[in-house]
Every structure is written in C-alpha cells, then in structure tokens.
1. Only residues that are surrounded by fewer than 16 Cβ atoms within 10 Å (Cβ to Cβ), part of a loop (DSSP other than H, G, I, E, B) and in contact (Cβ under 8 Å) with a residue 12 or more places away in the chain: list them for segment 234-246, please.
2. Looking at segment 105-125, can you tell me whether even one residue there is touching a His at 6+ places or on another chain (Cβ under 6 Å), in contact (Cβ under 8 Å) with a residue 24 or more places away in the chain and surrounded by fewer than 22 Cβ atoms within 10 Å (Cβ to Cβ)?
3. Can you tell me which residue within segment 187-218, out of those that are surrounded by 22 or more Cβ atoms within 10 Å (Cβ to Cβ) and of a type in the set (Gly, Ala, Ser), is nearest to residue 236 (Cα to Cα)?
4. What's the number of the only condition in (1) hydrophobic (A, V, I, L, M, F, W, C); (2) open to solvent by 20 Å² or more (accessible area, probe 1.4 Å); (3) farther than 22 Å from residue 98 by Cβ that residue 60 fails to meet?
5. Quick one: residue 40 ticks every box in (1) open to solvent by 40 Å² or more (accessible area, probe 1.4 Å); (2) out of contact with any helix residue (DSSP H, G or I) (no Cβ under 8 Å at 6 or more places or on another chain) except a single one, so which number is it?
6. Among the numbered criteria (1) farther than 18 Å from residue 8 by Cα; (2) in contact with a strand residue (DSSP E or B) (Cβ under 8 Å, 6 or more places away or on another chain); (3) modelled with pLDDT of 95 or more; (4) surrounded by fewer than 22 Cβ atoms within 10 Å (Cβ to Cβ), which single criterion is violated by residue 158?
7. Residue under question is residue 231, and the condition is that it be part of a helix (DSSP H, G or I) and more than 18 Å from residue 177 (Cα to Cα); does it hold?
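The values are calculated or read from the model by the stated rules, or taken from the named source; none is laboratory data. Source: prediction; values computed, not measured. Virtual Cβ from ideal backbone geometry, glycine too; neighbours counted across all protein chains shown. Side chains included, ligands, DNA and RNA excluded: accessible areas come from the protein's heavy atoms. Shrake-Rupley method; radii C 1.70, N 1.55, O 1.52, S 1.80 Å.
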Amino acid sequence: MKVTLLQTDIAWADPQTNVKAARQLFHESENSDLYVLPEMWSTGFATDPRGIAQEEDGNIGRDWMIATAHSMYPTAVCGSVSIIDEDGNYRNRHYFIDARSSQIHYYDKHHLFTYGHEDHYYTPGDNHCYFEYDGVRFMLVTCYDLRFPLWCRYTERSPYDVLIVVANWPENRQSAWQILTRARAIENQCFLIGVNRVGSDPYSRYMGGSCVIDCYGKTLAQCRPYEVQSLTVELDIEELRRRRNKFRVLNDADSCIF
C-alpha cells in the first residue's frame, strides 16, 4: 500500500488558504492509496473554536477531503478538522474518507489536551475507530492520544495493522514525539503513520517530524524538519504479517478492558 504524508504549514483560522495549500501539495505528490494530513489541518489547533469551527455539513475542510478522495483515483484522504456536531458540541474529528468503497470513518479525539485548555470547549469521544481499507486494518488516534498506550493498544477484539496519528505536536516536545511514535509501533507490532505540521500559530512553533515507523521501531521515512513536504512510502503489509507470525509478542500481551 502506498501512503503519502502531507506535512503542511497551517494558516490560522483560514480554511480557504489551507485548502489551497493542500491542493497544491496533492498535485505535487505521487499517486497513492492514502493521503494523510495533520490535526486540524484546515484551521490550526483552535483550542477555543468559537468563530473558527464549522458545522459538520458544509465544513470546508471535510468537504474538500471528500471531494478530493473521490476525484483523484479514487483514493483515501485522512486528517482531522474542528467541527460542530449535530448536538451543538465541538469535536476534534479525525476523518478517513474511503472513496473506493464510499465510506467515511471518523474518530473523535478522546484525550483532550487539558494543558492547552482543549477540554474547555471540546467534547471528548468515547469510542475507538477500527476499520479495513483495501485489505489493511487501520486504527485512528489524534495527537495527545499518543501518550496513552492503553488507548492505542492492539487487542484480539480490536486488531489493526496500521496506526495513524495526526498531530499539532510542538517543537519543544519533539523528542517525546520521536520516542512515543516508535514505542507505539514496537509495542503493537504495527506500522505507525504520524503526520505533524510545521510553521507556527498563536501558541506554539512546530517542526514537523512526520514519519512512518515499522513494527521494530525503525524509521522507514521522515519528512524534513520545518519544511512543507509530501513524502510517499510503500507499506509491505505481508512482511508485517510475517514478522508478527515469527515473533509473537502480541500473544503474550496483558488483557486490556476499555
């Protein structure tokens, strides 16, 4: 499976500008089975979403992801946006738009970033998101979730091959990003796709570090720091399954009850 990481800079609270930039990056990228954007890629990490978040229907970022996934090959497009749900709640919603089967999967960020007051406005999600796309099993998480291994845990009830993490992970905690992405890949014997932004917003500066990690913790590819970049990687799912069958760490995992 070919996956393209889209490490973007994000104009603050300006969906039209961010859609234009994402469109340009798409056109410069290789043809892929999946394209992954950062967290809140269309607005920036708006912990106070008043006047920034849009309703789900008509959300500029979400609508563009759907249209792009269907128009390109078709393919799949993944990333999170700030939305107002049908009950009037703010959600940090991570979408996976699967145009090949006309399905939309989504995950509402569970661990809200209390240090940055994300919890003051947003409602956390309570459910995991697992699904299959082109014969590959995926799980979605968002930024701060990466710090909580039990939430990300592979289990027999919820198996997956690829963990996707979209983020606005700041420069001053980049070492934690590098360690935690590797740790989650190793302990769950999976591929990890981590896509972070570059640039700055009113609160932080970001250096990127978007990456693909294999089940041994090896970095298969990583975007250049501080640069807008698209990077395409081939995931060998059959090789992942061979490694799991040979080195059966997951069989000895502790039971997790969520």
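1. none
2. yes
3. 194
4. The number of the failed condition is (3).
5. (1)
6. Only one criterion in (1) farther than 18 Å from residue 8 by Cα; (2) in contact with a strand residue (DSSP E or B) (Cβ under 8 Å, 6 or more places away or on another chain); (3) modelled with pLDDT of 95 or more; (4) surrounded by fewer than 22 Cβ atoms within 10 Å (Cβ to Cβ) is unmet by residue 158, namely (3).
7. Against the criterion (part of a helix (DSSP H, G or I) and more than 18 Å from residue 177 (Cα to Cα)), residue 231 does not qualify.
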